[in-house]
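Input: a single structure, listed below in structure tokens.
The values are calculated or read from the model by the stated rules, or taken from the named source; none is laboratory data. Computed from a predicted structure; not experimentally measured. For neighbour counting, all protein chains shown are included, and Cβ atoms are generated from backbone atoms with ideal geometry for every residue, glycine included.
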Amino acid sequence: MSQQWKLIQPSFPIADDIVAAYSVADFGATGDGVTDVTAIFQSRLNALGALGGGVLFVPKGKYVLKGVLNIPKGITLRGELKKPVKGQPIEGTILMAYSGKGNKNASAFITMEPAAAVMDLAIWYPEQNPDNIIIYPPTLRFGKSGYFGNEYCNAKNIALVNSYIGIEYNKTNGGAGPVANGIYGTPLSVGIELDNIVDVGRLEWVDFSPSYWSGSGLPNSPAPKSSFEDWIYNNGTGIVMRRNDWSYTCYVNIEGYNKGYYAAPSISSPGAAPNGHHYQMTFTKCKTGIYFQVVNSVGILFARVNTIDCETGVYVGPGTSGAIELNTCNFGATTNAIVTDKTSTTKILMQQSTISSGKVTVSGGILSASDCDFNNPAPQVILGANGRGLITGNRFKETVKITNNSIFTSIIDHTPVVLEKLPDFPVMIPETHGPSRMVMYLATASPFLAKNDGTTDNTSAIQKALNQAAADGGGIVFLPPGKYKVLGNLDIPTGVELKGSFDVSSVPLGPGSILEVYAGRTTPGDRPFLRLAPKSGIRGITFDYPEQISTNLPGIDDYPYTIQGTGSDVYIINVGLRASVKGVDLFTYPCDNHYVDWVAGHVFDKGVKVGGGSQNGKISNLMFNLIVYACGSESKFGSWPNSPAEGNPLAYDYGFANLEFLILGDCKDEILYNDFHYGSLRGVVLTNDGGNGPTGKSLGLGIDGSGRSLCVEGAGANGFDFINTQVVSIGTGNTNYLETSPSFTSRVSLFNSDYWGSPKYGILLNGGTVNLQQAFFANSGNTALGNLTTGQLNLENSIVSPIGKLINSGAEKRFGARSSILDPSGINKANCALWVNNLSNNVTLSPTSALSRTGWIATASVNTGNASKGIDGNASSRWDTSGSQVKGQWYMVDMKTAQPINEIILDVAASPTDSPAGYNFYVSNDGITWGTAVATGVGTDGMTIIPITTTTAGYIKIEQTGTKGNYWSIHEFYVFNITDELNTSTEGLEINAAKGINFQVFPNPALSGNSIFVSNRNTLPYTIRIFNTAGELIRTAKSLNASGTSVENFPLSNLKSGIYLLNFETTMGIETRKLIVK
């Protein structure tokens, strides 16, 4: 039977419309819950694969599938499903899965080729036993083993009733862009696992809970609160994230699992770790809400994340490094709100967050908490021996107590701070957009007779169908799969939708309905190829330019814009572009309330431009990558004849030299959500358009491989806000992560942002104000973090990795930093607009915390003449291998006398990636007999901590066991004998010696009841604060007159004997001294 394209009227509300080629009901599949219909399903899927695209519809019912299914490239299997609700019966299309029982490694129930989709159905395992859980293979596997390509598989509105493993990305066939949106149910062992991804995945609207299965109303469903819930609590993981390459994870609820979110090492790419952005996630009654076995060296972003009644809210495991950013989160736990392992060197940035219950124990790494609310019982924070604290401007429900056992210096200051709040952001659910009437017009049928043969001009046929739909009051004009040559231009009238068969979230991969554009070649001033009238839309269509051939490169033929909106309420959904010069024009006419979701592929010069006074628009899930055209000749990208041969760099070179991905001009309240691109001259451009700049908000913006990533030429009076932004800048010349122009006089604020790559400067500032809260610069810039000409750059609670020069000379007044981890390299921090409570990248030990190295001798297998630089007390000097790391290299220290030791620290903060690829650690009493290694491991960026069981030794040696292209460096080699009593009071609280502050306190020790005298040589007004060792403020006093004075006295009446911290603050910064009272 040939396909019969039908407009489906589903039983439950959906956000789009369904045009199907086949319904399984027409081929004998009754959904009776008894008859095996595997063969029927697979036969129709194969037929659609041969056709080149389309939907196989499965009406509501229960369908027995004793075998497995393979969904061909570009094909959609779609049912009808009532949105699942916890504790309520599952209604709609239910697939009954039986295959693979007892064999985790068997074929997945459904295997998906590139751009295949599964939508609107439930999957149920009738033979699963809630009292004795049975292993099964994954329900959905994105990617077919042995198939070239694993790109853009889609799973949307799926109920995984009782899967053992829900969705798994194929670990042996890597690829890009998996999409899972609206995934519900009770997966028992693993809900979703991602690995082996080389380009951005998207997980949204995920909700896992035991209540879905127990309330499903299906036979053999367990009773609520029965033993299966204990099994999930002890064994289940909601989301396993391995190598995910920037993936976006938003709107997630996980209840009752052992791990809600598990950041795990890659199996397919050893050494890789997840990064990406995470937003609006809630973990309820899990054993651990967020579990970090690994942390990416370039950072990982979380905003508006909650843990509720978990045993542990956030756990950061052994040997982790990198950075975790937590903004506007709420952590409640029955035991530990946040806990880090003692061998972790991870930096946790936490801002405007709440600890509602549970301990905060930083055994290793750094906790930088600013403007937070600690509502947990005292001690609110515990710093272990290897932990550091940058704890500033916070509020405490109970009397504050910070227990500090650290061997490092820390900063603790409870002076209030006033910061911008994380902006509200609209809840982003797939919106319903469609024509004014749900009637389908088949463009290939009579009287229109469009031909999808790639040779017939279809301008008249398609336009005739569009006009007829408009004349009838609106409708859907549907293009079956194939190539439609169009020599002229098209207009979609009001109330009409032009729809193709490739209505999934993907870049162009070959299948589907393809409009081949010929109009406007070399006449870029002509009208755009396709115009959208107000309240019209397009979806599921790919645009290709056959005459834009790769042999033109490095030049191209210029064309007008491909799509233009001409009024309000236009929508563009699931549209692919390739070889387009300019993509979408939303600026020539005001296009209020425009809705763009999944415009993807490749353009040469400009992606999307918005302006013309447009208001309240939304642009979501842009996905542009030069590879779509540059590798378009490959089969996995569609074997397009106009793409260059594999490996030809000219397409990439053109993009790096010319492309502007997203341009915002005169528009108001624009919303950007989860947009990404790779490869451009300028990534996102905010510009003045007729004197007016844009205002709005962005969440989850990714700019990769851009020379000048975020360019701000203008913004409206209210500025522009960015949440969870990832930026990579590459290339030679004047490259940067962010630049502003003299015409920019407003402000942009970035909340949670990660930066890496190789730009000349991190930030090029020529106007306006740039506010960075919780920014992590893994690479701060090859020349300097900032070249600041005019304007103001403000950093709050951020990390600037070591760099030779922080900003250009003389620009200090345009730079402010507070509560951040950075070094004042090449500047006078006393001249900065703000320099308060900043912690150095370099490890600063508390007095007497490390063993004295006086008289010690260091030698090495290579470059032994410089071995002494590892123990010289100068963190800027180093011993290194002067070449790549290879097995067998060693570094040895003769401590001269045998003494107890239990921890070694290798400090490479100034060369953070030069840690050992792998190591064995040995001890000896004679330097000859070493025995077996007392510790083995892998180095971590910045600092490697090696704890050992307390042993007595006179010689110690670390031996390289791995290989790595980097040098192996040791800037400082520290040895410790840590005891429980070490630093239980003030040791390690930051002696924050700000340059230019020059004061003395005497007598010290002082007698209780007497006075201390403070000599202030700078005669600046100042404030004195006295804290006890728990961090509690005891007393505050200010200088007696506005100009300050050289010497003043402060009485110590009623001050008990003990150790205190004296905090001295002027406009030049804060310095802290230890005060002993007898």
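For the reader, a short list of remarks on this structure follows.
- Restricting ALA443, ALA519 to those that are crowded, with 20+ Cβ neighbours inside 10 Å and either under 37 Å from the mean Cα position of the chain (by Cα) or modelled with pLDDT of 95 or more (or both) reduces the list to ALA443.
- Residues being free of Cβ contacts under 8 Å to residues at least 12 places away in the same chain, among the polar types (S, T, N, Q) and not assigned by TED's automatic domain parsing to the domain that holds ASN154 are represented in segment 552-565 by at least one member.
- Listed by first and then second residue, the pairs linking a residue in segment 177-191 that is over 23 Å from PRO89 (Cβ atoms) to a residue that is among the basic types (Lys, Arg), with Cβ atoms under 7 Å apart and 6 or more places separating them unless they lie on different chains, are VAL179/ARG202.
- Per the listing GLY954, GLY931, the residue uniquely at positive phi and either in contact with an Asp or Glu (Cβ under 7 Å, 6 or more places away or on another chain) or surrounded by fewer than 19 Cβ atoms within 10 Å (Cβ to Cβ) (or both) is GLY931.
- Taken as a whole, the structure leaves LEU662 outside the set of residues that are touching a helix residue (DSSP H, G or I) at 6+ places or on another chain (Cβ under 6 Å) and either closer than 20 Å to ASP199 by Cβ or of a type outside the set (Asp, Glu) (or both).
- Counting residues in segment 171-179 that are out of contact with any helix residue (DSSP H, G or I) (no Cβ under 8 Å at 6 or more places or on another chain), β-branched (Val, Ile, Thr) and part of a loop (DSSP other than H, G, I, E, B) gives one or more.
- Scanning segment 841-878 for residues that are hydroxyl-bearing (Ser, Thr, Tyr) and either exposed (fewer than 15 other Cβ atoms within 10 Å of the Cβ) or closer than 30 Å to SER780 by Cβ (or both) gives THR844, SER846, THR848, SER849, SER852, THR854, THR864, SER868, SER876, SER877.
- Per-region count, segment 98-129, residues in contact (Cβ under 8 Å) with a residue 40 or more places away in the chain and touching an Asp or Glu at 6+ places or on another chain (Cβ under 9 Å): 7
- The single condition among (1) out of contact with any Phe, Trp or Tyr (no Cβ under 8 Å at 6 or more places or on another chain); (2) surrounded by fewer than 20 Cβ atoms within 10 Å (Cβ to Cβ) that LEU487 does not satisfy is (1).
- Hits in segment 356-366 - residues which are buried (at least 24 other Cβ atoms within 10 Å of the Cβ) and closer than 21 Å to ILE821 by Cβ: VAL360, VAL362, GLY364, GLY365, ILE366
- Only one of the numbered conditions (1) under 30 Å from SER145 (Cα atoms); (2) touching a Pro at 6+ places or on another chain (Cβ under 8 Å) is violated by CYS631, and that is (2).
- Here SER758 does not fit the description of being hydroxyl-bearing (Ser, Thr, Tyr), buried (at least 20 other Cβ atoms within 10 Å of the Cβ) and within 24 Å of the chain's Cα centre (by Cα).
- Residue that is surrounded by the fewest Cβ atoms within 10 Å (Cβ to Cβ), among those in segment 399-440 that are of a type in the set (S, T, N, Q) and under 30 Å from ILE978 (Cα atoms): THR399
- Filter result for PRO560 (closer than 21 Å to GLN463 by Cα and surrounded by fewer than 22 Cβ atoms within 10 Å (Cβ to Cβ)): yes
- Within segment 663-683, the residues that satisfy the criterion of being outside any loop (DSSP other than H, G, I, E, B) and within 22 Å of the chain's Cα centre (by Cα) are GLU670, ILE671, LEU672, TYR673, PHE676, HIS677, TYR678, GLY679, SER680, ARG682, GLY683.
- Residue in segment 414-436 that is of a type in the set (S, T, N, Q), within 30 Å of ARG1035 (Cβ to Cβ) and outside the structural domain of GLU325 (by TED's automatic domain parsing) present: yes
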